[in-house]
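The values are calculated or read from the model by the stated rules, or taken from the named source; none is laboratory data. If you're wondering where the values come from, they're calculated on a predicted model, not measured in any experiment. Cβ sites come from the backbone with ideal geometry, for glycine too, and all protein chains shown count toward neighbours. Ligands, DNA and RNA are stripped out before the accessible areas are found, and what is left, the full protein with its side chains, is counted by its heavy atoms. Shrake-Rupley method; radii C 1.70, N 1.55, O 1.52, S 1.80 Å.
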Amino acid sequence: MDCWSCQSEVGSREAFCAACGAIQPPDPSEDHFSLLGMPRRYALDPAELERRFRDLSRRLHPDRFARAAPRERRLSLERATRLNDAHRVLRDSRRRAEYLLRLAGADALAGGGAADPAFLEEQLALREALAEARGAGDGEAGLRLAAEARARLGRAEQEIAALFAEQELGRERLAEIARRLARARFDEQLAAEAEGGPAPAGARGGP
Amino acid sequence: MPRAIGIDLGTTHSLVAHVDERNRPRVIAVDGGSPLLPSAVHYGADGSVEVGWSARRRAPERPVDTVLSVKRLMGRGPADLRPEDRGIYRFDEAGPVVKLVVAEGRRSVTPVEVSAEILRVLRRRAGEALDGPPGGAVITVPAYFDDAQRQATRDAGRLAGLEVLRLLNEPTAAAVAYGLDQRSQGLFAVYDLGGGTFDVSILRLEGGVFEVLATGGDTHLGGDDFDRAVAEVLLARGLEPAGARPGPALLRGAVAAARELREALTAREEAEVDAPLAEGRRLRARLGRAELEELIRPLVERTTAPCLRALADAGVGEGRRVDGVVLVGGATRTPLVKRHVRALFGQEPLCDLDPDTVVALGAALQADALDRGGREDLLLLDVIPLSLGVEMMGGVVEKIVQRNSTIPASATQQFTTYADGQTGMVVHVVQGERELARDCRSLARFTLRGIPPLPAGLARVEIRYAVDADGILQVSAREVHTGVEQSIQVKPTYGLSEEEVERMLIESIEHAAEDVSERFLREWRVEADRMLASLESGLRLDGELLSPAEREPIAQRMAGLRQAVAGDDHLAIKAWMDSLDAASREFAERRMNEHVARALAGHRLEELAGEAAPRPVPPKEG
């Protein structure tokens, strides 16, 4: 690929041209892990992630380009947007897990949990319990349900980490992870509802 | 070389600052030696405009023509106005944008134009102090400002002839001034209670990077509200002669007296007011600090929930503490507020820097950094304060960008059609945390057309939200199979269109050049006559599209315009034309629809039928 500014050869993932220093367009095929220079796996060092995020932000943020040419301003905006989007996904363990499934082409499995009849029944029972606690104005029962959901969430996180640590990530394992993620999503929502407030923004299984 | 400036466009007063040759931020004296310019704009019947102290002094005698606290109206639609915002003003209710009728009814101005007057004065003063026009500006906004309020602020900057480099959140600006001053590291909370807005931000400072982790607030809470609460009690207690509902001028005077009393009670246990008011009346009353605190306690307590939520969002759970709390905004001088913050965060708040100027100083530092292409020891990573979503079938909101996402940010989500053969999809963009769209702030509504007619659930529409570094949203929608795409800079429902801003820009130049008024008088008379003639014929032909009640405001304005055309005040003609234009827009739309419907009668009705809100595609895109 050639640099748009000086026509020198630039690697497709280089943020800047080595010859003239111009910021380069992002490579749409680059995934969040390689964008942040992190190994593509579930376990990661949060401090390292934050350090890399800050270093890259320093170089790419639109604030560095407020006085640059319109094209450079646009590229910086695109790159910084991608960087922030990647950072948001990777720093949150559940979003990171969902993203890994998608990279493995297993995102369709994410709906798999809903098809599990035992899980469906459990969901219904828990929802009913919450509705009952609310109807009866029993705040303690609500908080108990929330605490239980949080405990399940903690366990699920460990289990997901253990599953990702396996050598071979076959379809079956991925489906297993997807099922646990679906449960985790449900528990998160249940806990938030039972605690009576909106879910913390960072923790919700958003887009 | 032109220097960049930082502007704190506040509810009660505004400031401008710059960075001097020795790299220190400095506020610029603007109004008789003081750096504080009251955010007050007076419109005289003679077409004159006064800004600052002189305008504020006119407020009691000319309350309707003197706009105070205009920040509370920025980016708001007529339906958003709360009684305390409406205050004493006269509003032109016809259009989608809030307009104030001033200059004894001769002009109607938008809050954007009023703010631009304040910004113009700041720009001029900065130009005098810096020996040349400023090179670019950073304008601060409450962190909790939504998209419409941000856009309105940016429009005001443009209108004032400023090159707006960036909108900066006020608590972040304060953190910059503090952090760079004290070389701080760690986790900080900024508690910013100004004249009309409350913000709280939790930031991590590390190696010159100021990363906002979470923010919360209330855009309708501040010292103004304290003053109103106090004024009510003072009026009940010490208005002489008592009785008779106080008029607008009297209320203004009472609020001003309440403000002085409240400020006096910062240092004293008891204070009294004895002030002449309008209508030949007088206000005489005493108030103790304990009484004051009882009055404002409910307001101060309203800051608790946003603080707790911001802490939780930032992951500062129970048992963890921030390393410091910074106080910003004049209202934080109130002893009760200080005590409240101390209890809330479990520590003594920092107030080494003047809470009135710290935001402007931070804005100047950021303006200077932007102007220089960045500074090694300063990078701000801010967040979007409120989630951005789209309304789904049934009125439920699907969040697309979550609150507290670092900006710039983007997110895409796929949706599908709801009905067989649906060819259009209404995209209603909303902002807020509530579950139902009607409880959130409506930002924009547009229709994606040209979806191939397929059985329900088969068409795929991808909606992308992109938020830039100013926190302003752009939305695009694309049908996946055909690639039909629509992209809009979300122009808020209650905002100004690009054309309106252009027109105002031209107008502001027009207003500066009085000698051309004769030309405008001629041109606008012609324009007004054309407008009247066209409406008359429209009403004759399609008058049945309006109920008598709907027809009344149009007829009224037509009469007003006719009268203005007979006179020789070109501004009055323009104001009446704008007002008539807004009042008759709905009629024009109905006529258009009616004609389209007639033309299409019997044809392709299915094309018109299939438009509905989007429906999610399961499974959700991760």
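How big is the protein assembly as shown in terms of Cα radius of gyration and Dmax, in angstroms?
28.8, 88
Going through the range B:1-61, which GluC sites (Glu not before Pro) have at most 14 other Cβ atoms within 10 Å and a DSSP loop state? All intermediate terms of the calculation are to be shown ahead of the outcome.
On the way: sites: B:GLU21, B:GLU50, B:GLU61; in loops: B:GLU21, B:GLU61.
Taking the range B:1-61 and a limit of 14 other Cβ atoms within 10 Å, the loop GluC sites (Glu not before Pro) found are B:GLU21, B:GLU61.
To the nearest 20 debye, what is the magnitude of the charge dipole of the range B:332-428 about its Cα centre, counting +1 on the Cβ of each Lys and Arg and -1 on the Cβ of each Asp and Glu? Intermediate results must be reported in sequence, preceding the final value.
Details: 8 positive and 12 negative charges, 78 e Å.
That gives a dipole near 380 debye.
Could you list, bin by bin from short to long, the percent of Cα-Cα pairs of chain B in 20 Å steps?
18, 48, 30, 4
Cα atoms only: what Rg and Dmax, in Å, come out for the range B:212-358?
That works out to 17.9, 58 Å for Rg and Dmax.
Size of the dipole of the protein assembly as shown about the Cα centre, Lys and Arg at +1 and Asp and Glu at -1 on the beta carbon, nothing else charged, in debye to 20?
Numbers: 112 positive and 131 negative charges, 96 e Å.
With Lys and Arg at +1 and Asp and Glu at -1, about 460 debye.
Multiply the residue gap between A:ASP45 and A:ALA131 by 0.36 nm, knock off their C-alpha separation, and tell me the result in nm, one decimal place.
Working: separation 86, 0.36 × 86 = 30.96 nm, distance 3.98 nm.
In short, 27.0 nm is gained.
A drop of at least 40 square angstrom in accessible area, chain alone versus all protein chains together, probe 1.4 Å. Which residues of the range B:391-422 meet that?
SASA drop of 40 Å² or more in the range B:391-422: B:GLN402, B:ARG403, B:THR406, B:PRO408, B:SER410.
Search the structure for amide H atoms under 5 Å from the amide H of B:ALA143, placed 1.01 Å from N in the peptide plane, and list their residues when 5 or more places away or on another chain.
Answer set, sorted by chain and number: B:GLU170.
Mind listing, in residue-number order, the residues in the range A:28-75 that have at least 30 Å² less accessible area with every protein chain present than in their own chain alone (1.4 Å probe)?
Relative to the lone chain, where solvent access is computed with a 1.4 Å probe, the range A:28-75 loses at least 30 Å² at A:PHE53, A:ARG54, A:ARG58, A:HIS61, A:ASP63, A:ARG64, A:ALA66, A:ARG67.
If you wrap chain A's Cα atoms in a convex hull and average its projection over all directions, what's the area in nm²? Please report the intermediate quantities before stating the final value.
Working: hull surface 57.5 nm².
Projected over every direction and averaged, the Cα hull of chain A covers 14.4 nm².
What do you get for GluC sites (Glu not before Pro) in the range B:189-290 restricted to DSSP loop and a cutoff of at most 15 other Cβ within 10 Å of the site's Cβ? Mind showing how you got there, number by number?
On the way: sites: B:GLU206, B:GLU211, B:GLU232, B:GLU260, B:GLU263, B:GLU269, B:GLU270, B:GLU272, B:GLU279; in loops: B:GLU269, B:GLU279.
Those that pass, being in a loop and sparsely packed, are B:GLU269, B:GLU279.
Convert each backbone phi in the range A:46-63 into a coupling constant with the Karplus relation 6.51 cos²θ - 1.76 cosθ + 1.60 (shift: θ = phi - 60°), then list the ³J(HN,Hα) values in order as whole Hz, x for Gly and Pro.
So the Karplus estimates, Gly and Pro as x, are x, 5, 5, 4, 5, 4, 5, 4, 5, 4, 5, 4, 3, 8, 9, 4, x, 4 Hz.
Per the Debye formula with a single identical scatterer at each Cα and no solvent contribution, what log10 I(q)/I(0) holds for the range B:105-189 at q = 0.16, 0.17, 0.24, 0.26 Å⁻¹?
-0.74, -0.81, -1.14, -1.21
Applying the Karplus parametrisation 6.51 cos²θ - 1.76 cosθ + 1.60 with θ = phi - 60° to the phi angles of the range A:30-36, what ³J(HN,Hα) value in whole Hz is obtained for each residue in order, glycine and proline being reported as x?
Values, residue by residue: 6, 8, 4, 5, 5, 4, 9 Hz.
With a 1.4 Å probe and all protein chains left in place, how much of the accessible area of the range B:143-256 comes from carbon and sulfur atoms, in whole percent? All intermediate terms of the calculation are to be shown ahead of the outcome.
On the way: 1530 of 3000 Å².
Carbon and sulfur atoms account for 51 percent of the accessible area of the range B:143-256.
Give or take rounding to whole Å, what are the principal axis extents of the alpha carbon atoms in the range B:147-301, in descending order?
On the principal axes, the range B:147-301 reaches 61, 39, 24 Å in Cα extent.
I'd like to verify something in chain B: which complete DSSP H helices, judged by Cα projection on the helix axis, reach 15 Å or more and average at least -0.5 on the Kyte-Doolittle scale?
Details: long enough: B:111-129 (27 Å, -0.06); B:147-159 (18 Å, -1.49); B:170-182 (18 Å, 0.05); B:223-238 (22 Å, 0.02); B:248-267 (30 Å, 0.44); B:289-301 (17 Å, -0.21); B:335-345 (16 Å, 0.26); B:358-371 (20 Å, 1.28); B:498-512 (21 Å, -0.59); B:517-542 (36 Å, -0.60); B:548-566 (27 Å, -0.41); B:570-600 (42 Å, -0.40).
Helix filter hits for chain B: B:111-129, B:170-182, B:223-238, B:248-267, B:289-301, B:335-345, B:358-371, B:548-566, B:570-600.
By how many degrees, between 0 and 90 and to the nearest 10, does the Cα long axis of helix A:171-195 differ from the longest principal axis of chain A?
70 degrees
Using only protein heavy atoms and a 1.4 Å probe, how much accessible area in total is buried between A and B, to the nearest 100 Å²?
Numbers: alone 12030 and 26620 Å², together 35590 Å².
Buried: approximately 3100 Å² between B and A.
Rounding to the nearest 20 debye, state how big the charge dipole of the range B:528-567 is about its Cα centre with +1 on each Lys and Arg Cβ and -1 on each Asp and Glu Cβ. Each step should come with its number before you reach the end.
Numbers: 5 positive and 6 negative charges, 35 e Å.
For this selection, approximately 180 debye.
Tally up the carbon and sulfur contribution to the accessible surface of chain A as a whole percent, 1.4 Å probe, everything protein left in place. The partial results should precede the final answer.
Working: 5290 of 10430 Å².
The value for chain A is 51 percent carbon and sulfur by accessible area.
Which ³J(HN,Hα) values in Hz, rounded to whole numbers, follow from the phi angles of the range A:71-86 under the Karplus curve 6.51 cos²θ - 1.76 cosθ + 1.60, where θ = phi - 60° and Gly and Pro get x?
Here the 3J(HN,Hα) series is 5, 5, 4, 5, 5, 5, 4, 5, 5, 5, 4, 4, 4, 5, 4, 5 Hz.
What do you get for trypsin sites (Lys or Arg not before Pro) in the range B:279-358 restricted to DSSP loop and a cutoff of at most 14 other Cβ within 10 Å of the site's Cβ? Write down the numbers at each step before the final one.
Working: sites: B:ARG281, B:ARG282, B:ARG284, B:ARG286, B:ARG289, B:ARG302, B:ARG309, B:ARG320, B:ARG321, B:ARG333, B:LYS338, B:ARG339, B:ARG342; in loops: B:ARG281, B:ARG302, B:ARG320, B:ARG321.
Passing sites in the range B:279-358 are B:ARG302, B:ARG320, B:ARG321.
Count the lysine pairs in the protein assembly as shown whose Cα atoms sit under 18 Å apart, keeping only pairs 8 or more residues apart in sequence or on different chains. Can you show the working numbers first?
Working: B:LYS71/B:LYS99; B:LYS99/B:LYS491; B:LYS99/B:LYS574; B:LYS399/B:LYS620.
Here the count comes out as 4.
At 1.4 Å probe radius, can you tell me the per residue accessible area of the protein assembly as shown in Å²? Could the numbers behind the result be given before it?
Details: 35590 Å² over 829 residues.
That works out to 43 Å² per residue.
Ignoring ligands, DNA and RNA, please state the percent of accessible area on the range B:530-571 from carbon and sulfur, probe 1.4 Å. Walk me through the intermediate numbers first.
Working: 1320 of 2410 Å².
That share works out to 55 percent.
Please list the non-local residues whose amide H lies under 5 Å from the amide H of B:ARG403, H modeled 1.01 Å from N, same-chain partners needing a gap of 5 or more.
For B:ARG403, the qualifying residues are B:SER387, B:LEU388.
Taking K and R as +1 and D and E as -1, what net charge do the other residues with C-beta under 10 Å from the C-beta of B:ALA174 add up to? Present the calculation step by step, with values, prior to reporting the outcome.
On the way: positive: none; negative: B:ASP8, B:GLU170, B:ASP192, B:ASP199.
Around B:ALA174, the charge tally is -4.
Of the options A:ILE23, B:VAL326, A:PRO70, report the single residue whose Cα projects farthest towards the positive end of the charge dipole of the protein assembly as shown (beta-carbon charges: Lys, Arg +1; Asp, Glu -1).
The one lying farthest along the dipole's positive direction is B:VAL326.
In degrees, nearest 10, range 0 to 90: what is the angle between the Cα axis of helix A:139-165 and the longest Cα principal axis of chain A?
With rounding to tens, the tilt is 50 degrees.
Report, by chain and number, residues whose modeled amide H sits under 5 Å from the one on B:VAL430, excluding near sequence neighbours (fewer than 5 apart, same chain).
Here B:GLY389, B:VAL390, B:GLU391, B:LEU443 satisfy the definition.
What are the extents of the Cα atoms of the range B:1-48 along their three principal axes, listed from largest to smallest and rounded to whole Å?
Sorted from largest, the Cα extents of the range B:1-48 read 45, 24, 18 Å.
Running Debye on the range B:14-142 with equal point scatterers at the Cα sites and no solvent, what base-10 log of I(q)/I(0) appears at q = 0.17 Å⁻¹?
Per q value, in the given order, log10 I(q)/I(0) is -0.90.
Around A:GLU132, with a cut-off of 15 angstrom between Cβ atoms, what is the net charge of the other residues, counting Lys and Arg +1 and Asp and Glu -1?
Details: positive: A:ARG127, A:ARG134, A:ARG144; negative: A:GLU128, A:ASP138, A:GLU140, A:GLU148, A:GLU193.
It works out to a net charge of -2.
Put +1 on the Cβ of each Lys and Arg and -1 on the Cβ of each Asp and Glu in chain A; which of A:ALA182, A:LEU126, A:PHE33 then has its Cα farthest toward the positive end of the dipole?
A:PHE33
Among B:VAL102, A:ALA165, B:VAL230, which residue has its Cα furthest toward the positive end of the charge dipole of the protein assembly as shown, with +1 on Lys/Arg Cβ and -1 on Asp/Glu Cβ?
A:ALA165
Taking a temperature of 25 °C and a viscosity of 0.890 mPa s, what whole-number D in µm²/s does Stokes-Einstein yield for the range B:62-221 with Rh from Kirkwood over alpha carbon pairs? Mind dumping the intermediate values first?
Details: Rh = 17.3 Å.
The diffusion coefficient I find is 142 µm²/s.
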